[in-house]
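Enquirer: Let me give you the structure first, and then I'll get to my questions.
The values are calculated or read from the model by the stated rules, or taken from the named source; none is laboratory data. Source: prediction; values computed, not measured. For neighbour counting, all protein chains shown are included, and Cβ atoms are generated from backbone atoms with ideal geometry for every residue, glycine included.
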Amino acid sequence: MKWRRVILLVWVLLVLSACARPVPTPTPEPTPPSAPTPTPPPSTQELKVHFIDVGQGDSILIDFGDNEMLIDGGDKSPGVVAYLADYVDGALEAMVATHPHTDHIGGLIAVLDAFEVEEIWLNGDTSTSKTFKDFMSRVNAEGASVYEAERGNSIALGVLSFLILHPVKPLVGDTNNNSIVLKLSYGNIDFLLTGDAEKEAEASILESGLTVQADILKVGHHGSRSSSSTQFLDAVEPEVAIYMAGEGNRYGHPHEETITALIEVGAEIYGTDIHGTIVLTTDGKAYTLHLEKQVPPCTPPVISPAPTPAPTALGASNVQITSIFYDGAVPRVESDEYVEITNLGTESQDLAGWMLKDISEGYPSFTFPHYILKPDAAIRVYTNEIHPEWGGFSFAYGKAIWNNTEPDIAALYNAQGQEVSRKSY
Ligand SMILES: [Zn+2]
Ligand SMILES: [Zn+2]
């Protein structure tokens, strides 16, 4: 095991140097020494953990011989069904939905359609989003054994056992802080998979006295500064930290504070935004990483977080907010409110990365997925629900957005963050 420590030291130096430089150097991926290593007894079964690049979202496949478990499925797009098809033998033995946010459960809908799933683990939290409703209807139709995760229980996968460190019941935190957090130990190698757990959940886990030390940490909440407290990272002491985030995501994930904290605790840092899909293979004694994109671990955060794009120079666009139909401050969940966006030009526009936002209150905001808005076509973004006859998107906000402040302005930003249109209700 000692050589791993040596490699780690070398890695730390590499990480530090890579992070100190403004531009990542094209260092080839360092390969473990090919020196004659004492080969362990061959009988140990191989465990593969796939951190699947799903853009902004989480999806982790545990592949252990004939047994597979999927933890989250990313958003509806791009989905993971095609990826899973190469690895899942027959049924998917277990599915874990860490919490009901769409970037975790959206992709599970198609997985439930495509595969027979034997066991489904939920955190017991709910959401008013259509995605959640669709997901739950598939869960209920699957005929699987459905369980609610609770601290102290465990999930079995073949001879593997995933200890549930979080959440506690009854649920107390917000959606992210109710995430299912799992600890997996295989031989000498420990994994900690944290969903979107933030500092509140981390503190609760530390308080419980459960052991969090792990060689491999799936960094909480896409590398957001809302997670990865110093106390937590000190207790985990990860050798490898993997965050899952979309390239150029609008949240600025991973945040610089998180990267700095992970470097300080001595972790090699990998991210799906820069390394693509990351596959860790272990026999329980040592592990190797396979990166889809050969980039050295850790790059300095390049995107400065810009959660509220200033209404900068107006970007010229024929895509405009053409109407806001409001319910006013109607205190009911099923708000019929919507904002209608029309392409008044003669060329199609892909709305991927475009954002619609209530700039009077500063929230909420909706970021469009890939969607082609044809000339003369309109698309609606509903406040809460989606009207199937109309199609469109939804903030899935659960209460009224428009006509509850004076003034109340909707602004539309293009993928470059430039405001292209604004309208008061
Ligand atoms: Zn998330
Ligand atoms: Zn979340």
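Enquirer: Would you check which residues across region 189-239 are within 16 Å of ligand 2 (Cβ to nearest atom), in contact with a helix residue (DSSP H, G or I) (Cβ under 9 Å, 6 or more places away or on another chain) and under 13 Å from THR258 (Cα atoms) and list them?
Expert: From region 189-239, those within 16 Å of ligand 2 (Cβ to nearest atom) are 193-202, 218-228; that's our starting set.
In the following step, the residues that additionally are in contact with a helix residue (DSSP H, G or I) (Cβ under 9 Å, 6 or more places away or on another chain) were identified as 194-202, 219-228.
Selection gives GLU198, LYS199, VAL219, GLY220, HIS221, HIS222, GLY223, SER224, ARG225, SER226, SER227, SER228.
Enquirer: Suppose we filter region 53-67 for residues that are within 10 Å of ligand 1 (Cβ to nearest atom) and either assigned to a strand (DSSP E or B) or at negative phi (or both); how many remain?
Expert: So the answer is 2.
Enquirer: Kindly indicate the residue of region 383-425 that is under 16 Å from ILE321 (Cβ atoms) and of a type in the set (A, V, I, L, M) and also modelled with the lowest pLDDT among those meeting that condition.
Expert: Here the answer is ILE401.
Enquirer: Taking only pairs six or more apart or across chains, which ones have beta-carbon atoms under 7 Å, a first residue in region 169-197 that is within 12 Å of ligand 1 (Cβ to nearest atom), and a second residue that is among the β-branched types (Val, Ile, Thr) and part of a loop (DSSP other than H, G, I, E, B)?
Expert: Qualifying pairs under 7 Å: SER179/THR98; SER179/THR194; GLY195/THR98; GLY195/ILE180; ASP196/THR98.
Enquirer: Can you pull out the strands (runs of 3 or more DSSP E) entirely within region 124-183 that have at least 1 residues that are under 20 Å from HIS101 (Cα atoms), assigned by TED's automatic domain parsing to the domain that holds ASP66 and away from ligand 2 (no atom under 16 Å from the Cβ)?
Expert: Working: elements: 145-148, 154-157, 160-166.
In region 124-183, 145-148, 160-166 are the strands (runs of 3 or more DSSP E) which contain 1 or more residues that are under 20 Å from HIS101 (Cα atoms), assigned by TED's automatic domain parsing to the domain that holds ASP66 and away from ligand 2 (no atom under 16 Å from the Cβ).
Enquirer: Spot the failing condition for VAL88; the list is (1) over 17 Å from the mean Cα position of the chain (by Cα); (2) part of a helix (DSSP H, G or I); (3) buried (at least 18 other Cβ atoms within 10 Å of the Cβ), and only one is missed.
Expert: That leaves (2) as the condition not met.
Enquirer: Regarding ILE242, is this residue assigned to a strand (DSSP E or B) and either in contact (Cβ under 8 Å) with a residue 24 or more places away in the chain or closer than 22 Å to HIS101 by Cβ (or both)?
Expert: Yes.
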